[in-house]
Structures are given as C-alpha cells and as structure tokens.
1. Near Lys127, which lysines are there with a Cα under 21 Å away, not counting those fewer than 8 places off in the same chain?
2. When the chain is modelled as a GNM with alpha-carbon springs shorter than 10 Å, which of Val197, Val167, Val84 fluctuates the most?
3. Could you give each residue of region 7-21 its phi-based ³J(HN,Hα) in whole Hz, using Karplus coefficients 6.51, -1.76, 1.60 with θ = phi - 60°, and x for Gly or Pro?
4. Quick check: from the Cα gyration tensor, does region 22-79 come out rounded (a/c under 1.5), prolate or oblate?
5. Quick one: Karplus J couplings for region 161-166, per residue in order, coefficients 6.51, -1.76, 1.60, θ = phi - 60°, nearest Hz, x for Gly and Pro?
6. Residue by residue, what Karplus-based ³J(HN,Hα) values in Hz, rounded to whole numbers, does region 133-145 have, using 6.51, -1.76 and 1.60 with θ = phi - 60° and x for Gly and Pro?
7. Tell me what the chain gives for mean residue ellipticity at 222 nm when only DSSP H runs of n ≥ 4 count, each as -39,500 (n - 2.57), the sum divided by the residue total, rounded to 500 deg cm²/dmol.
8. Mind checking the per residue accessible area of region 105-207 for me, 1.4 Å probe, whole number of Å²?
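The values are calculated or read from the model by the stated rules, or taken from the named source; none is laboratory data. What you see is a predicted model; the values in this text were computed from it and never measured. We place every Cβ from the backbone using ideal geometry, glycine too, and count neighbours over all the protein chains shown. Just so you know, the surface numbers come from the protein's heavy atoms only, side chains and all, with ligands and any DNA or RNA stripped out. Shrake-Rupley method; radii C 1.70, N 1.55, O 1.52, S 1.80 Å.
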Amino acid sequence: MAVQKMVTASLKKYELPPLPYAPDALEPHISKEQLSLHHDKHHQGYVTGANANLEKLEKARQEGVDLDMKALLKELSFNIGGHVLHSLFWPGMAPTGTGGGTPGGALADLIDREWGSFDRFKSEFSKAAISTEGSGWAALAYCTITDRPMIMQIEKHSNNVFPSFPVLMVLDVWEHAYYVDYKNNRSQFVDAFWNVVNWDEVGRRAEKI
Ligand code: MN
C-alpha cells in the first residue's frame with residue numbers, strides 16, 4: 001500500500017474471523033468442544049488482547065504519559081502473532097472426508113523436490129510439531145532468499161519466526177489445541193491433524209507467493 005493510501009485508510013481493529021466450517025466438521029479428529037473452546041475463547045482472547053494493547057497505546061499518546069514500552073510491545077506481538085497464526089490455522093484444515101491425504105499438483109512437486117518424498121516431509125513436520133518446546137507451532141514456510149520451502153518451529157507465537165517468510169501451513173501445538181481430545185498426548189493430535197489438513201488451501205497460499 002502506498003504511504004498516501006495509509007494516511008487515508010480507515011483505522012481498523014483486529015477481528016475474530018468465523019470458522020470456515022461448522023464446529024463439529026473436524027470430528028472425530030478434533031471435537032466440537034475442543035474446536036469451539038479453541039476458536040471462541042483462545043483465539044478471541046488474542047484478538048481482544050491486541051485491541052486492548054492498541055487502546056492502551058492510543059490512550060497514553062492522547063494523555064501524553066509514558067508506558068512500559070518493552071512490556072507492552074511484547075504483549076502486543078504475542079497477541080498479534082496469536083491472531084495471525086490462528087487465522088492461518090482454521091482455513092488450513094478442511095471438514096473430515098474432504099481434507100487430509102496428500103497434496104497434488106505443483107505443491108506436491110515442490111515438497112518432493114525439497115524433501116525427496118511426501119512421507120519424509122510429513123515425518124519432519126510432525127517431529128518439529130511434537131518437539132516444539134513448551135507452547136508453540138510448527139509451520140511450513142517459504143524462504144524468499146533461497147526460493148525453497150522450509151519448516152519453522154515457532155515458540156509461543158513469535159519466537160524463531162523468520163521475518164517476511166510467507167507461511168503456507170501451521171499446526172498449533174499449544175496444549176489448549178488438543179487437551180480436551182488428547183489430554184497431554186501431543187503426538188496423537190499431530191497424527192490426527194494429517195487427516196484434516198487442507199492441501200488445496202496450502203497450495204493456494206503457495207501460488208500467491
Ligand atoms: Mn491456539
């Protein structure tokens with residue numbers, strides 16, 4: 001966007017996107033209760049938090065008072081990161097019966113060229129997800145320097161992120177993503193994810209790079 005357009009653009013807030021399918025559409029891999037809680041409470045929490053952080057900044061500017069910038073910006077990046085990642089996560093899955101399987105077309109070729117086979121890619125991505133320290137994510141990203149896809153392991157919502165690398169696919173491995181269905185068994189949840197991953201959406205994101 002040109003700078004002049006930024007000047008006249010409306011001042012927007014962050015908004016919770018609706019789920020692109022019914023909350024029970026991913027059963028039995030992700031239950032309605034688990035998905036609703038995750039989307040309606042956790043994702044909403046990051047949206048509400050990011051907007052509250054912005055309001056705090058705006059209020060401080062109006063009143064001309066100082067803020068603890070380090071703390072506020074840390075919170076803001078946590079909340080915005082959470083919002084962006086969850087917004088990629090929901091459409092990255094498709095209703096049971098329509099998602100899962102293996103990717104097709106150019107996306108399949110891209111994965112084959114980099115990893116040798118889909119199974120090798122799946123195994124590396126799963127290991128990245130399972131071994132993410134504490135709360136975090138696994139992501140399939142695209143390196144714009146080498147023009148090669150790569151796996152990122154994201155701690156919390158933002159640590160280990162490579163700035164400006166487009167993200168094609170994410171898997172949320174915070175406990176809040178799977179505890180209702182799988183208790184502390186993260187690897188079972190990672191296995192279940194492969195049944196609902198939306199390869200069409202991942203392929204569309206790759207086409208837009
Ligand atoms: Mn989450």
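1. Correct list for Lys127: Lys156, Lys183.
2. Among Val197, Val167, Val84, the largest mean-square fluctuation in the Gaussian network model of the chain belongs to Val84.
3. Here the 3J(HN,Hα) series is 4, 9, 5, 5, 7, 8, 10, 7, 9, 6, x, x, 4, x, 7 Hz.
4. On the way: a/c = 6.58, a/b = 3.52, b/c = 1.87.
Prolate.
5. 7, 8, x, 6, 7, x
6. 6, x, 9, x, 9, 10, 9, 9, 10, 10, 7, 7, 8
7. On the way: 9 runs with 98 residues, N = 209.
Helix contribution divided over all residues of the chain: -14000 deg cm²/dmol.
8. Working: 4870 Å² over 103 residues.
Per residue, region 105-207 has 47 Å² of solvent-accessible surface.
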